[in-house]
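The structure appears right after this line, and notes come after that.
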Amino acid sequence: MPQNILNRNVRSIQFNCTFDEYYDFMLFKGEADGRVNDGCLAASINFNKRSCIGENRIFSSVEWDKAQNDNVILRNIGITGVDNGLLKFNKDTISNQEFLNLFTRSSFDTQGNKTFFMYPIVDNTKRKTTDVSFDFEDDKRYLALKGGFYQGFFKTEGYNYQTLPHFIENEWNLEFVLRPRSDYQTRGRTINDVHQENKGIFFYIGTRAENKFWELYANDEEKKYYDKTYSGDTPSGGTECHDEGDDSWVDDHFFLEEEPMPDISELSTRSGYSFDKDGYYEFESDNKHLLFNRTCDGYTVEKWEEEGAEGTKFVFSGRRVGDNENFFLLFNRTCTGQTVDTIDKYLDDKKEYYNIYKGLAGNSFALKINDDGSIGYKYAIKDCDATESESPDPSALTYTVVEEYSKPNMVKDGMWNNVNVKFTILGNDITNKCDPKIGHRRMKIYIYVDGYLIFVSKELPELCLRGLDDVSEKQEAVPYNMSLGGGTQGLMDVIWLNFKDTTKYELPIEKNFAGTFIGDIARFNFYDCALNLATIRAHAQNIEPAEYGSFEEWAFDASFD
């Protein structure tokens, strides 16, 4: 009887809130025992674990439970890998032939490894310093950033390689242990000296650059929108510099035996995609109407069974034609009809403007700490309300960068801060999986510092991480990137066959996301599930034991083949 009375003696819970501050309330059944939840840990980089540090790379100490890698070898990595230091070279001593081999014949063997890794960005043009190092304090090791940062790709288009999730099913939580340092002195010219408005970016996810080949696709009038000289928007501060310790001598025979370089239009990827042609496309299919196509390479019933092709998806490729272009009409066996020898020139003449913004909205996101201690984000999204009068470039009308920040002094300078950033999808529908054809879901960003909620964003389109509008061989290691300790350089250090030259174009990713964090980072965790407040606070207080030892080199090395 007393128990029944107690069951019905329920006190209602009432409280009032004002809206000028943030409050944390949590009602749930279960024990808030403060245990650390590692059940959905997709990546963990802790600089006190020897398994996380190699001689020139850093690694996650855990493997995402859905990671996949079919011993992928990237055979076109030289095309884009020279732009941010994945492939390093000394431009003052390398010969033309050596660079041509690096550019066109480099391969990158992932060795079947499914663990996420990152490498330090390097400016092969030698115009900027990108300093990173490891230091100790109170028997703890941390990463000291004085102009540089780390970057890595976690998925590739056209290959079965993925080491981190690229789609938010419900919630992501990113944890950082970091310390801004206003007392750090940087050496030479850094990325922040070029783009001072981006100083303080400590994390980036998305495509690390626009399509490098945009410059070959665009005409002179289109290029004027991004020409630094034409627009007057030139980089500020600093002068050219050479990193200390670089072997920058030039032997006399270097000039006497200089080999001529081919024109870029003469080169192609390993599968034959021309560098200077756009409009190529790829798609996967197991449709037998396409595969049993009565060509020499097409399948027959016998060949299908002999090779065990059932259940296999094949990659189809082609080149887009303009509106209302029909190959059956174009190849019409008349004097003016097209042939396989003339169709490429015809398509070039009919091509539309290549929209560099198509792959940026929802695909460029950064976290940033300002000098006043406020913390927030920068995010490229579609701008549905823009009008043509707002931009000289019509293709830019669907693109804008939004940013929001907390109140000042939320992140303390010179002190260690535990920062948790929560990406929460609003609603439970995950069927569209970020398909731009049927619309995006909405999300909110929640930022906690030392276990306390200090910032809530407005509603935003969900992250839509994806490849660029080109074939996969032209964009290896460019989309699906993540940066720790900085943003991304974009194409500010893009390198072509004339590797001694520098780009004169400033594109949107460089302008908005080329920046770096000045300070220290001790730990980074990536969770692909929801964490409640008790768990977030438990993580903020958790201190893992040090595992010191010698650096280990778990090798991903480029080679020529």
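The values are calculated or read from the model by the stated rules, or taken from the named source; none is laboratory data. Note that this is a predicted model, so its numbers are computed, not measured. Cβ coordinates were reconstructed from backbone atoms using ideal geometry, including for glycine residues, and neighbour counts include every protein chain displayed. Areas reflect the complete protein model, heavy atoms only, side chains present, ligands, DNA and RNA absent. Shrake-Rupley method; radii C 1.70, N 1.55, O 1.52, S 1.80 Å.
Quick notes
- Each residue in segment 45-70 was checked for being assigned to a loop (DSSP other than H, G, I, E, B), closer than 20 Å to Gly85 by Cβ and modelled with pLDDT under 90, and 3 pass.
- Any chance Phe108 is open to solvent by less than 30 Å² (accessible area, probe 1.4 Å), in contact with an Asp or Glu (Cβ under 9 Å, 6 or more places away or on another chain) and within 22 Å of Tyr480 (Cβ to Cβ): yes
- The condition of being within 19 Å of the chain's Cα centre (by Cα) and within 28 Å of Gly451 (Cα to Cα) holds for only one of Phe213, Phe154, Phe134, Phe167, that being Phe167.
- One residue from Gly85, Gly112 being at pLDDT below 90 and farther than 16 Å from Arg270 by Cβ: Gly85
- Segment 105-158: number of residues that are closer than 17 Å to Pro479 by Cβ and in a loop (DSSP other than H, G, I, E, B): 7
- Of the strands (runs of 3 or more DSSP E) that lie entirely inside segment 439-542, those containing 1 or more residues that are over 18 Å from the mean Cα position of the chain (by Cα) span 442-449, 452-456, 519-527.
- Hey, Tyr448 touching a Ser or Thr at 6+ places or on another chain (Cβ under 8 Å), more than 30 Å from Glu221 (Cα to Cα) and either open to solvent by less than 10 Å² (accessible area, probe 1.4 Å) or touching a residue at least 24 places away in the same chain (Cβ under 8 Å) (or both) or not: no
- Any chance Thr229 is out of contact with any Asp or Glu (no Cβ under 8 Å at 6 or more places or on another chain) and either part of a loop (DSSP other than H, G, I, E, B) or modelled with pLDDT under 90 (or both): yes
- One residue alone among Ile77, Ile45 is within 19 Å of the chain's Cα centre (by Cα), open to solvent by less than 40 Å² (accessible area, probe 1.4 Å) and within 15 Å of Thr163 (Cβ to Cβ), and that residue is Ile45.
- Test for Ala209: is it at pLDDT 85 or above, among the hydrophobic types (A, V, I, L, M, F, W, C) and part of a loop (DSSP other than H, G, I, E, B): yes
- Scanning segment 487-511 for residues that are modelled with pLDDT of 90 or more and open to solvent by 30 Å² or more (accessible area, probe 1.4 Å) yields a count of 2.
- Among the residues making up segment 80-104, those that are open to solvent by less than 10 Å² (accessible area, probe 1.4 Å), assigned to a loop (DSSP other than H, G, I, E, B) and over 17 Å from Glu473 (Cα atoms) are Asn84, Gly85.
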